[in-house]
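J.: So that we are looking at the same thing, I have put the structure below in structure tokens.
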Amino acid sequence: MSTFDLVLNGEVPLGNFELPGGPVGMAIGMQKRWNGFDHIPAALYQSGDLYNGQQDLPANETRSVDAWFIEVAIPVLDNLEITAASRDTRYSTGQSSKDPKFGITYSPMDWLTVRATKGTAFIAPGLNALNAPERCNLSNIDDPMSSFFAYARRCQAGNPWLQPETADTLSWGFTIEPIDNLRIDLDWSQTEFTQRIVSIDPQQLLDLDYFNWSNATGITGREPTVAELTNWVASGRQDPRIVRASGDPTQIMRVTVGQSNAAANNVEAYDLKVRYQFDLGLVGLEDIGTFTAQLNATKIDLWEYQKFATDPMSSPLGNRNRFLGEAPPLPEVKANFRIGWVNGNHSASMVARYTDELSYDGYNWSSGFFSYFPYFTPLNPNERDKLRAYTVADLAYNYRGLDFMGTNVDLTFGARNLFDRQPQRVNDFAGMESILYDPRGRLLYGRVSIEF
């Protein structure tokens, strides 16, 4: 990847006029970016001479991106600032997005600051999602637009019609500093995603095409007649990834799948940060150094999604989501608490990481099933419906500034998962929830950094 950036920033010249809060700040910039990939599979895969697998062909794709932005900070008063920004991004592969953002920050008192922002954002599809080479096999298909129920050619490929994922964002928050060295931040955020890029199978693609036909014609509860299906195909409104026989549209010749813009996803969450710095001077121990206690916590208040327009909106919050590709394990609360100490060249820290409990929605084989696999850790059937709350602790010590033969040396020693907390056994072959938990147990480490 190659990138060229140009950014100009400074104060807006307003002659002799100046706002009560000071001069207006502005930044203008542009970016030109080039990226691509070369995919060269092994000769065996290119030949397609495989007992179990699909032919894989070489691919080479590139694209360029042109983007510009403008940001303005308007200090209306000494304690009131309004910000505005806009970004325009265009891809050579056909995607584009214009994203504004507005914000306000107000400090009515020395110890209180409130803030809010509103804007939009986007995520562009990757080159592989757009242009992956085609691989084909057979798939059983039940066509909701006709009586076709048989095997048809199923091809997996990139989708050049993909559009960027988009999101409307809204947030508010405040900061309070009631006493010296204590700061508390609380923020609420809402993100409403649309056009999320998801994987799709042939049956889902056909069901979506029926949904679109039904919406366009107002006809529900039955499949189209042959004449209606012929008109739908001829109109160009049928999904271009569905190919029907030219003389008989009830016969499906092939369906090309990959990824599609389909899902909606709404997320609301609270973020809490508390930081307090102190020493022990009040008890006569001012020489032992400075301590910092910090809490970072996130509570997900809402996490709902709709994969396709044909699906209802649902919420997987609080579940492991074993069989749901659109959502990871989603504990409602995650938090880290850190206590740090600094005294001259010495420093140390201890971090506790908390993950809330989850409902287990995976396999529920009986304990007798695992008797055929004696090398598996036995499962406690009384715990198979819930993943318990989980806390691990990390510890580290650092010494900075050691002089060794004219060099500056830093030493670090520590332990991850200090108390050797093991993940909970779950009722499937994986044995544990690997996204949230680490199976390695306690890890001891040391690090030496030398500056010459």
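J.: Within the stretch 85-94, is there a residue that is surrounded by 16 or more Cβ atoms within 10 Å (Cβ to Cβ), touching a residue at least 40 places away in the same chain (Cβ under 8 Å) and under 30 Å from Val243 (Cβ atoms)?
T.: Yes; the residues of the stretch 85-94 include at least one that is surrounded by 16 or more Cβ atoms within 10 Å (Cβ to Cβ), touching a residue at least 40 places away in the same chain (Cβ under 8 Å) and under 30 Å from Val243 (Cβ atoms).
J.: Being farther than 30 Å from Ala121 by Cβ and buried (at least 16 other Cβ atoms within 10 Å of the Cβ) narrows it down to one residue among Asp56, Asp78, Asp49; which is it? Walk me through it before giving the result.
T.: Working: Asp78 fails: buried (at least 16 other Cβ atoms within 10 Å of the Cβ); Asp49 fails: buried (at least 16 other Cβ atoms within 10 Å of the Cβ).
Exactly one residue qualifies, and that residue is Asp56.
J.: Suppose we keep only residues that are among the aliphatic types (A, V, I, L, M) and part of a loop (DSSP other than H, G, I, E, B) within the stretch 5-48. Which one would you say is farthest from Asn60 (Cα to Cα)?
T.: From the stretch 5-48, those among the aliphatic types (A, V, I, L, M) are 6-8, 12, 14, 19, 24, 26-28, 30, 40, 42-44; that's our starting set.
In the following step, the residues that additionally are part of a loop (DSSP other than H, G, I, E, B) were identified as 12, 14, 24, 40, 42.
Working: Val12: 45, Leu14: 51, Val24: 47, Ile40: 9, Ala42: 15 Å.
Among those residues, the one meeting the criterion is Leu14.
J.: Still on this model: Go through the stretch 125-143 residue by residue and tally those that are surrounded by fewer than 18 Cβ atoms within 10 Å (Cβ to Cβ) and in a loop (DSSP other than H, G, I, E, B). Spell out the reasoning first.
T.: At the first step, the residues of the stretch 125-143 found to be surrounded by fewer than 18 Cβ atoms within 10 Å (Cβ to Cβ) are 126, 128-129, 133-140, 142.
Pick out the ones that are also in a loop (DSSP other than H, G, I, E, B) and you get 126, 133-134.
Result for the stretch 125-143: 3.
J.: Of the residues Ile197, Ile184, Ile219, which is assigned to a loop (DSSP other than H, G, I, E, B) and aliphatic (A, V, I, L, M)? Before the answer, list the steps.
T.: On the way: Ile197 fails: assigned to a loop (DSSP other than H, G, I, E, B); Ile184 fails: assigned to a loop (DSSP other than H, G, I, E, B).
One residue alone meets the criteria, Ile219.
J.: Also, quick follow-up: Restricting to the stretch 151-181, name every residue that is assigned to a strand (DSSP E or B) and either free of Cβ contacts under 8 Å to residues at least 12 places away in the same chain or surrounded by fewer than 14 Cβ atoms within 10 Å (Cβ to Cβ) (or both).
T.: Applying the first criterion (assigned to a strand (DSSP E or B)) to the stretch 151-181 yields 151-156, 165-176.
Matches in the stretch 151-181: Tyr151 only.
J.: Something else now. Report, ordered by the first and then the second residue, all pairs with beta carbons closer than 9 Å, sequence separation of six or more or different chains, a first member in the stretch 387-401 that is more than 17 Å from His346 (Cα to Cα) and in contact (Cβ under 8 Å) with a residue 24 or more places away in the chain, and a second member that is among the hydroxyl-bearing types (Ser, Thr, Tyr) and part of a loop (DSSP other than H, G, I, E, B).
T.: Listed pairs, sorted by first residue: Leu387/Tyr360; Leu387/Tyr437; Tyr390/Tyr437; Val392/Tyr437.
J.: With the structure loaded, tell me whether Glu304 is within 30 Å of Trp172 (Cα to Cα), in a strand (DSSP E or B) and within 19 Å of the chain's Cα centre (by Cα) or whether it fails that test. Walk me through it before giving the result.
T.: Details: within 30 Å of Trp172 (Cα to Cα): yes; in a strand (DSSP E or B): yes; within 19 Å of the chain's Cα centre (by Cα): yes.
Taking the combined requirement at face value, the residue satisfies it.
Read the figures in this text as sums done on the coordinates, not as results from a lab. Quantities reported herein were computed from a predicted structural model and do not represent experimental measurements. Ideal geometry is used to build each Cβ from the backbone, glycine not excepted, and the neighbour counts take in all protein chains shown.
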